[in-house]
Structure formats: C-alpha cells, structure tokens
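Chemist: There's a structure below that I have some questions on.
The values are calculated or read from the model by the stated rules, or taken from the named source; none is laboratory data. Source: prediction; values computed, not measured. Every residue, glycine as well, gets a Cβ built from its backbone with ideal geometry; the counts of neighbours run over all protein chains shown.
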Amino acid sequence: MRRVPGMGGNDTAGTMVTDEAAQAGHVDPLRPPLADGEVRYLAWLGAGAIDEPQEQVRLLGAWGMCQRHALGFLAVEASLNEGWMFRPAVVYDHVFDRAVRALAPRRLFERSRVAAYLLDAEPCPVCDPDTSHRAQVDSVPEEVVARGRDLAPLRRLALETRPQWEPWICGACAGNGSPLRCRLHLAAELRAPGGPALPEQRRLVALLSRHLRTYARSFGWANRGLDMPADRAALLGAVGWCAGWQSILGLVG
C-alpha cells in the first residue's frame, strides 16, 4: 500500500492495540495499523464526502476500496457511529449493483468477458486520494482520529454475525475446499482452464446484493429495525467478496 500523501499527523500513532483487543489476544489485522492520515481520510469520507459524485465514481470503479481501507472504513464508521454503518452500506449496495451486472450471463466469450468486467477501473480512493481536499481532511479533529482507530466495535459485529458470513468465504482466501470465490480470485481463475463455475458465483453475488439492499434501506425511518443478522453480515461479505477475505478472517482470528 502506498503511504497516504500530504495528510499530516503522526504515522506511528496507530501502533497501539486497544486494551480490549489486547486482553482478548487479538492482533490488529491492519498491519501496519492505520496511520492518522488514513483515519482522517476515511472519517472525512464517512462524514458525507462520500456522497460527492466524484467520490462515488471512484468508489464504484475501485469496487469500493482495497482490502486494507475497506476494512478500515468499516472500523472507522463502526467506532464513530456506535456500530451504525450507513455510508458503507450504501456504498457497497451500489457496488453490488455493478457486481450483478458484471456476472450477468453472456452468449459469447462469457468467462473472459466476466473476468474483464471484474477488474478495477479506478485505484482505491484512499491509496490515491484527491489532494484538493487536503484542508478538509486535515481538519478532522484529533479525538475523531483516536476513536476511529478502535477495532472493537467492528470485531463485535463480525463475531456476532459470523454464522451468517462464514458460508460466503472465498475458498482460495481461506485455503479450504469451498468453490466460492472473491472477485479477485474469480477474475484470475476464470481465465484458467477448469476455473470456477459461474452459476454458483452468481447466486452468491445475488444473495449478497439482496441482503445489502435490505441493510442499506433499514437506516430509513420507514424500514428501521427490519434488518436481520444476515443483512448486517452482508456488509462484511461484500468487503470480503470485493477485496479479499484475509483481513476479515484476521479480525476474528
């Protein structure tokens, strides 16, 4: 990962693990831990900048964010909003609209075309930030940075919903026999002879998309409280599918 340029802050400040995590024997899956500049940028996105059309285009083209910053985005949002992750839910709801379209059946050269559609069209917006927003990002308060680095709220959600998201794990990421694949492994393996079958990959993407849509809508007043554990788990499933599962597995390991 490239260092986030021009964001200010102390890049070594994220090396401390929270007391709760240390007592539980957990290791930070974000290695090295998020630097101040990364937390500031993720908090700035979650505070509303993510609604800007330019940011939406970048996030859609990047399939959300890279694995490090996708997990970091969930962690920052969970820690700052008492587990409520409206902005990530909306982002990945839109991303999975793209995923459903990318995996749609095609009559000619289906596997190679799907593989091409699964590639990144944009870099991760946190790895490659828009420096025109530097002043706004640098204005994120220090207390927000300190709170935003806490992984405990996200870890609780991951543990609570583990029975729901475990069946969705990419077999290549986990090193087990599951035929399911994350986007990255699917794109690579579709180009090889005897690669994964597309129908079961489509079923997984369609399932995640339905759950994400329910979760994103549950933040509205008319649908409040209608989300189920599988809907909340779908946000982790979406990050795992888009960017790989290793960091999520490390979060609960």
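Chemist: Just need a number here: residues in the range 81-98 that are buried (at least 20 other Cβ atoms within 10 Å of the Cβ) and either acidic (D, E) or over 22 Å from G61 (Cβ atoms) (or both).
Modeler: 1
Chemist: All but one of (1) at pLDDT below 95; (2) on the phi < 0 side of the Ramachandran plot hold for L74; state the number of the condition that does not hold.
Modeler: (1)
Chemist: Restricting attention to the range 145-177, which residues are in contact with a Phe, Trp or Tyr (Cβ under 9 Å, 6 or more places away or on another chain), of a type outside the set (V, I, T) and assigned to a loop (DSSP other than H, G, I, E, B)?
Modeler: Scanning the range 145-177 gives a single hit, C170.
Chemist: Here's something else I'd like to know. Go through the residues of the range 133-141 one by one and say whether even a single one is farther than 21 Å from H69 by Cα, among the acidic types (D, E) and out of contact with any Ser or Thr (no Cβ under 9 Å at 6 or more places or on another chain).
Modeler: no
Chemist: Scanning the range 137-194 for residues that are free of Cβ contacts under 8 Å to residues at least 24 places away in the same chain and charged (D, E, K, R), which turns out surrounded by the fewest Cβ atoms within 10 Å (Cβ to Cβ)?
Modeler: E143
Chemist: Let me ask you something else. Restricting the first residue to the range 92-107 and requiring it to be modelled with pLDDT of 95 or more, which pairs with a second residue that is assigned to a loop (DSSP other than H, G, I, E, B) meet a Cβ separation below 7 Å and a spacing of at least six or different chains?
Modeler: Y92/G64; V95/W63; V95/G64; A102/L118
Chemist: Please indicate, with yes or no, whether at least one residue in the range 138-147 is touching a Cys at 6+ places or on another chain (Cβ under 8 Å) and of a type outside the set (A, V, I, L, M).
Modeler: No, that holds for no residue.
Chemist: Restricting the first residue to the range 206-220 and requiring it to be touching a residue at least 60 places away in the same chain (Cβ under 8 Å) and crowded, with 24+ Cβ neighbours inside 10 Å, which pairs with a second residue that is among the charged types (D, E, K, R) and part of a helix (DSSP H, G or I) meet a Cβ separation below 7 Å and a spacing of at least six or different chains?
Modeler: Close Cβ pairs satisfying both conditions: L212/D93; Y215/D231; Y215/R232; A216/D93.
Chemist: Only one of these is part of a helix (DSSP H, G or I), surrounded by fewer than 14 Cβ atoms within 10 Å (Cβ to Cβ) and aliphatic (A, V, I, L, M): A116, A121. Name it.
Modeler: Working: A121 fails: part of a helix (DSSP H, G or I).
Result: A116 is the single residue among A116, A121 that is part of a helix (DSSP H, G or I), surrounded by fewer than 14 Cβ atoms within 10 Å (Cβ to Cβ) and aliphatic (A, V, I, L, M).
Chemist: Right, something else. Being outside any helix (DSSP H, G or I) and closer than 23 Å to G240 by Cβ is the filter; apply it to the range 31-51 and report the residue that is modelled with the lowest pLDDT.
Modeler: Result: R31.
Chemist: OK, next. From the list R162, R147, which residue is under 15 Å from L249 (Cα atoms) and basic (K, R)?
Modeler: Sole residue among the options that is under 15 Å from L249 (Cα atoms) and basic (K, R): R162.
Chemist: What single numbered condition from (1) without any contact (Cβ under 8 Å) to a residue 60 or more places away in the chain; (2) under 16 Å from G83 (Cα atoms); (3) of a type in the set (A, V, I, L, M, F, W, C); (4) crowded, with 20+ Cβ neighbours inside 10 Å fails to hold for L235?
Modeler: (1)
Chemist: Which of (1) at pLDDT 90 or above; (2) surrounded by 14 or more Cβ atoms within 10 Å (Cβ to Cβ); (3) not hydroxyl-bearing (S, T, Y) does D28 not meet, given it meets every other one?
Modeler: With respect to (1) at pLDDT 90 or above; (2) surrounded by 14 or more Cβ atoms within 10 Å (Cβ to Cβ); (3) not hydroxyl-bearing (S, T, Y), D28 is out only on (1).
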